[in-house]
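The values are calculated or read from the model by the stated rules, or taken from the named source; none is laboratory data. Given the structure is predicted, the values throughout are model-derived calculations rather than measurements. Reconstructed Cβ throughout: ideal geometry from the backbone, glycine too, with neighbour counts over all protein chains shown. With ligands, DNA and RNA removed, areas are computed over all heavy atoms of the protein, side chains included. Shrake-Rupley method; radii C 1.70, N 1.55, O 1.52, S 1.80 Å.
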Amino acid sequence: MTKERHSRRSFMGLAGSGVVGALGGTTLWSAAALAAAPETQDADLVVFNAKVYTVDSRAPRAEAFAVKAGKFSAIGSTSDIKGLIGKNTQTYDARRMTIVPGFTDCHNHAGGDVLLYEVLVGNPFEVEFVTITSIIDKLKAKARETPPGTWVEGYFFDDTKVKDKRELNVHDLDEVSVEHPVVVRHRGGHTSYYNSKAFALAGVTKSTADPAGGTFDKDPAGELNGRVTDRARNVFNNVSPRPAFSPAETERRSRDGLAHISKQFVRYGLTSVHHEGGDLAALQAVRARGDLLHRVSYEASGRVLDSMMASGIMTGFGDEWIRFGATSEHTIDGSFSERTMALSQPYPGIQPAYKGNVTETQEELNAWIERVHRAGIQVNCHANGDVAIDMFLTAVERAQKLVPTPDSRPKITHCTLINDELVRRIKAVGGVPAMFTTYAFYNSDKFVFYGEELMKRCMAYKSFLDAGVPVCAGSDFSPGPFAPLMGIQGMVTRKGWDGKTWGVNQRITVEQALQVTTMNGAYASREEAVKGSITPGKLADFVVLADDPHTIDPEKIKDIQIVRTVAGGSAKYEA
Ligand SMILES: [Zn+2]
């Protein structure tokens, strides 16, 4: 393994446009690693004088560690590890700062091209209140450079992060333009807001009936208010052109978008991210040009998943930078933040009684799970409500009985509302829930929809850890921000940006939250043998933090500065 790594490095150095090009965007550390001759015993990098939390129970704390050929080679006290410094070794005095393993996000839609090229009317990364005027101004500027009749689009709207304390409406968007169709998309992904021109082009009036699975919302006077939910949005799909790009431009946009989001991930300390699909060719191109700064567990759906099954590609195929993981989330029910997840009891305070949406039958689900499981691919379903989680388990229990496979680790994306019986069954099938992380802080303003009794069983980190289920962290970006420290703060405090706490019975310790966000993430993609903790032999992925989340005021964890993010021993981000 070590030999192969060195030969690949030498190959890259010779065959690429020189060392700098091949390593583009990396720093001194990796250059030194490259310069180190394979035969030397010296470390490539020694980090000392640190408060290291290894997330390895065999040696949980350390002061120093050494890195060789991209992996941790030794951990221990500063004086021990300094003995490994040779003439080609880079050294880093951490000045008593905290170092933890690189963070893993186990559910991310990683839409870098939207971040880079589209109009963002809300803050994708942090809690920030915006004004409706600012949204109108941004879209007006876009309309000025867009031919009349072509869509003007805004992204990352959040209805509970508006200073004006009201919904966006059709009149606001008519101020943007009466010549362009205008749409603003909610970051949750299930609702959008349109102007009058868009409604006119789609032929939608106040008397148009709601289609199955969606609504054209009205104001108290019965007029269209601009908000359109779920499947009712389909009527806008084929009216008016969207800005057109040549194939070459489209390719460039997806590559540059991925490079852009990769920079954002490492800025927040993420070294591994589970991608919900995306352009596999672009990922490889971005990696080849040296701009892939984080490791990718690629979760396939549709055509890519079918090709995997047809060609015999299973979970685990790939290398430590781009590897096929579980499938993409196969959806069983609706959303938490927009109140459509499938519950066994009616939603509190809604008349007539409403229990959310199940989006497929048990038979369909059984067949899908069996097919994927038989192909040696880790299944992954989106199940939020207790009804959907029960359906998922029924299908998994059936598939495991038909095709017994030890340790298949069925992944349950969100797995939001549980009860004791569901936890027991998840444990029995060896399931790995990837639950919302930043919601506890970011989306606390939406928990009132469910109320305290249900929130005691939502995002139930403690229930799972107590039962010995290796729950992991899945931000669901773009619906949720992906900052791991915001996620950890939420797991520890269960307190939102608005100061309100919900389901404090599910609070976990900083130590547990760290494990969830590192080691359990590696376990979820079957990579716990190669990453997830600071352990000799594992990939040298770690984060330097300006403060210690174990000792700082828990309500300030999210504000701790990320000083440096390192993957494979090379710095990918420096503050
Ligand atoms: Zn998702």
TODO: Being open to solvent by 50 Å² or more (accessible area, probe 1.4 Å), assigned to a loop (DSSP other than H, G, I, E, B), hydroxyl-bearing (Ser, Thr, Tyr) and out of contact with any strand residue (DSSP E or B) (no Cβ under 9 Å at 6 or more places or on another chain) narrows it down to one of TYR354, TYR347, so name that one.
DONE: TYR354
- [ ] Identify, by number, the condition in (1) within 16 Å of the ligand (Cβ to nearest atom); (2) among the aromatic types (Phe, Trp, Tyr); (3) over 18 Å from the mean Cα position of the chain (by Cα) that TRP497 doesn't meet.
- [x] (1)
TODO: Please state which one of ARG231, ARG267, ARG255 is basic (Lys, Arg) and closer than 22 Å to PHE157 by Cβ.
DONE: ARG231
Open item on the list: Suppose we filter the range 181-193 for residues that are open to solvent by 10 Å² or more (accessible area, probe 1.4 Å) and either more than 16 Å from the ligand (Cβ to nearest atom) or without any contact (Cβ under 8 Å) to a residue 24 or more places away in the chain (or both); how many remain?
Closed with: 0
TODO: Could you identify the single residue in LEU417, LEU485, LEU465 that is at pLDDT 95 or above and under 18 Å from GLY269 (Cβ atoms)?
DONE: LEU485
Open item on the list: Criterion first (among the β-branched types (Val, Ile, Thr) and within 16 Å of the ligand (Cβ to nearest atom)) does THR509 satisfy it?
Closed with: no
Task: The listed residue being among the hydrophobic types (A, V, I, L, M, F, W, C), more than 16 Å from the ligand (Cβ to nearest atom) and under 27 Å from the mean Cα position of the chain (by Cα), out of VAL273, VAL204, VAL266 - done: VAL266
Open item on the list: Quick check on my filter: what residues within the range 427-439 are open to solvent by 10 Å² or more (accessible area, probe 1.4 Å) and in a helix (DSSP H, G or I)?
Closed with: LYS427, ALA428, VAL429
- [ ] Could you check SER297 against (1) among the hydroxyl-bearing types (Ser, Thr, Tyr); (2) buried (at least 22 other Cβ atoms within 10 Å of the Cβ); (3) within 23 Å of ALA212 (Cβ to Cβ) and say which number it fails?
- [x] (3)
TODO: Any residue in the range 63-87 that's among the acidic types (Asp, Glu): show its pairings with residues that are assigned to a loop (DSSP other than H, G, I, E, B) and open to solvent by 10 Å² or more (accessible area, probe 1.4 Å) at Cβ separation under 8 Å, as long as the two are six or more apart or on different chains.
DONE: GLU63/ASN49; GLU63/SER77
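Residues checked against (1) out of contact with any Cys (no Cβ under 6 Å at 6 or more places or on another chain); (2) basic (Lys, Arg); (3) surrounded by fewer than 22 Cβ atoms within 10 Å (Cβ to Cβ):
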{"residue": "GLU126", "(1), (2), (3)": "yes, no, yes"}
{"residue": "ARG144", "(1), (2), (3)": "yes, yes, yes"}
{"residue": "THR150", "(1), (2), (3)": "yes, no, yes"}
{"residue": "GLY154", "(1), (2), (3)": "yes, no, no"}
{"residue": "LYS161", "(1), (2), (3)": "yes, yes, yes"}
{"residue": "GLU167", "(1), (2), (3)": "yes, no, yes"}
{"residue": "ASP172", "(1), (2), (3)": "yes, no, yes"}
{"residue": "ASN195", "(1), (2), (3)": "yes, no, no"}
